[in-house]
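Structure, as structure tokens:
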Amino acid sequence: MTLSIATWNVNSIRARLPNVLDWLIQAQPDVVCLQEIKTVDEDFPRLEVEALGYNVETVGQKGYNGVALLSKYPVEDVSHRALPGDCEDEQSRYIEVVISADSGPVRVASIYLPNGNPAPGPKYNYKLAWMQRLKTHAANLLVFEEPVILGGDYNLIPRDSDVHDAAEWQGDALIRPESRDAFAEILWSGYSEAFMQVGGRAHQYTFWDYQAGAWPKNHGIRIDHLLLSSQAADRLEKVEIHKAVRGEKKASDHVPVMGVFAL
DNA sequence: ATGGTCGGTCCCCGA
């Protein structure tokens, strides 16, 4: 059996509903991590998504942020509706569930990591603090010794070859050394980045800005990632970036990234 | 086509 798990920043689930439903029907992912749903839970188009066979769990917020998890398999437990480590944090950026896959329990989180611009500044400090919390929590999850997939918009460009022209991004929160170090520390704690594990070719992007003709010029960045515990990484078969989605009418500025696992 | 982002919200902000 295979288990497909995708992550997609949809930039408003209500504005994007036709695109999302079309893609769910085409790609048939088993589990989907959504970010920037930009709505409260009550206004999430739950019935339309459930009609396609998904269980739906949301952590919404009015106007900004918001994450969700869709699963064709039963959701055993919603283990977290916020990233642990700061009870003052009111932004909806993290949800974690345990699903009952055919192979057994699989833990999946949907992550919307703070953008952090402008840097330096308070927004950048919030990003770095959030990454430290994520590092701590992600390390704690490894004790379960189960497949863990942390999917999301990490707002982080791992390598210079993950952007058209790294020089243009000099100083940006998505590429700064402190951001990259924090991301690397999460990986060193025991996670592998799915796209890199399967070859990680240069200039394969997951986001193209709406502005300045970024899409027609292919001036993108790779910031949407799937982080895997060893129990998930051992089962990874392939990673797909659904680039064509960006060319559709009323597209999100991000495209889905989907991992297929022998699970 | 004499311009050139989008979404949500509220008269501008975040990305």
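Note: relative contact order over the stretch A:2-262, using C-alpha pairs below 8 Å and six or more positions apart, is 19 percent. A straight line joining the Cα centroids of the stretch A:142-165 and the stretch A:224-247 runs 9 Å. Computed from backbone phi, the HN-Hα couplings of the stretch A:20-27 come to 5, 5, 4, 5, 4, 5, 6, 8 Hz, rounded to whole numbers (Karplus: 6.51 cos²θ - 1.76 cosθ + 1.60, θ = phi - 60°; Gly and Pro given as x). 3J(HN,Hα) along the stretch A:207-213, derived from phi through the Karplus expression 6.51 cos²θ - 1.76 cosθ + 1.60 where θ = phi - 60°, amounts to 9, 10, 4, 5, 8, 6, x Hz, with x in place of Gly and Pro.
Qualifying trypsin sites (Lys or Arg not before Pro) in the stretch A:49-144, where qualification requires a DSSP coil assignment and no more than 13 other C-beta atoms within 10 Å, comprise A:LYS62. Only lysine pairs 8 or more places apart or on separate chains count here, and in chain A those with Cα atoms under 24 Å apart total 17.
Its residue count N fixes a reference of 2.2 N^0.38 Å for the stretch A:190-254, and the Cα radius of gyration divided by that reference is 1.27.
Evaluating 6.51 cos²θ - 1.76 cosθ + 1.60 at θ = phi - 60° for every residue in the stretch A:49-66, the Karplus couplings come out as 6, 4, 4, 8, x, 9, 7, 10, 10, 10, 10, x, 7, 5, x, 10, 6, x Hz, glycine and proline recorded as x.
State whether the stretch A:123-208 is rounded, prolate or oblate according to the following rule on the C-alpha gyration tensor (a ≥ b ≥ c being the square roots of its eigenvalues): a/c under 1.5 gives rounded; otherwise a/b larger than b/c gives prolate, and the remaining case gives oblate. It comes out oblate by the Cα gyration axes.
Entry note, chain A: the mean residue ellipticity at 222 nm calculated from DSSP H runs of n ≥ 4, each adding -39500 (n - 2.57), is -6500 deg cm²/dmol after division by the residues and rounding to the nearest 500.
Among A:GLY171, A:GLY121, A:GLY66, which one moves the most in a GNM of chain A with springs linking Cα atoms closer than 10 Å? Comparing A:GLY171, A:GLY121, A:GLY66 in a Gaussian network model of chain A, the most mobile one is A:GLY121. Computed on the Cα atoms alone, the convex hull of the stretch A:59-105 gives a volume of 73 cubic angstrom per residue. Whole angstrom only: what separates the Cα centroid of the stretch A:179-210 from the Cα centroid of the stretch A:3-56? Cα centroid to Cα centroid, the span is 23 Å. Dipole magnitude for chain A: computed about the Cα centre from +1 point charges on Lys and Arg Cβ and -1 point charges on Asp and Glu Cβ, it is near 580 debye. The Cα atoms of the stretch A:10-139 give a gyration tensor whose axes a ≥ b ≥ c have a/c of 1.5 or more with a/b no greater than b/c, which makes the shape oblate. Taken over the Cα atoms of the stretch A:21-96, the convex hull encloses 88 Å³ per residue. Considering only A:PRO74, A:GLY53, A:GLN35, the residue lying farthest towards the positive end of the dipole of the stretch A:35-79 is A:GLN35, judged by Cα position with unit charges set on Cβ. May I have the pair-distance distribution P(r) for chain A, computed from all Cα-Cα distances with 10 Å bins from 0 and rounded to whole percent? All Cα pairs, binned at 10 Å, distribute as 7, 33, 40, 19, 1 percent. In the stretch A:2-262, taking the dipole from charged Cβ atoms about the Cα centre, the farthest positive-side position among A:PRO84, A:ALA214, A:ALA233 is held by A:ALA214. The base-10 log of I(q)/I(0) for the stretch A:107-263, evaluated at q = 0.11, 0.18, 0.20 Å⁻¹, reads -0.43, -1.14, -1.35 [Debye formula, identical scatterers on Cα atoms, solvent excluded].
Taken together, the values in this text are just the output of simple stated rules run on the coordinates, not laboratory data. Given the structure is predicted, the values throughout are model-derived calculations rather than measurements. Methodologically, a virtual Cβ is constructed for each residue, glycine included, from the backbone with ideal geometry; neighbour enumeration extends over all protein chains shown.
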